[in-house]
Amino acid sequence: MDEAAITTTLAAQDAAEALIALGWPITPDGPDMERWRIGDLIMTDEELIGLATRRGFQPVSERVQ
């Protein structure tokens, strides 16, 4: 796995944790943890990060730089 993929994966996990803390019912979907389930909706890492960003969350990787 390259550095960009690792960064995206970590940012998606941070986004999921932040949204879960806000009460969103988010769970990983599949063994690779590159998709996330919110009810009947399935999102990619990038889509989940986008959702969290629109809700005001900024991933740790963006805050550090």
**Report entry** the chain - charge dipole about Cα centre, Lys and Arg +1 at Cβ, Asp and Glu -1, debye rounded to 20
**Finding:** 340 debye
Report summary line: Two pseudo-spin positions, 7 Å from Cα along C-beta at Ile20 and at Glu3, lie apart in nanometres by 2.9 nm
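Taking a temperature of 10 °C and a viscosity of 1.306 mPa s, what whole-number D in µm²/s does Stokes-Einstein yield for the chain with Rh from Kirkwood over alpha carbon pairs? Each step should come with its number before you reach the end.
Values: Rh = 11.8 Å.
Stokes-Einstein gives a translational diffusion coefficient of 135 µm²/s.
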**Report entry** Built amide H within the under 5 Å cut-off of Arg35, gap 5+
**Finding:** Asp29
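Throughout, read-outs are computed from the coordinates displayed, never taken from laboratory work. Worth saying up front: this structure is predicted, and the values here are computed from it rather than measured. Every residue, glycine among them, receives a Cβ derived from its backbone with ideal geometry; neighbour counts consider all protein chains shown.
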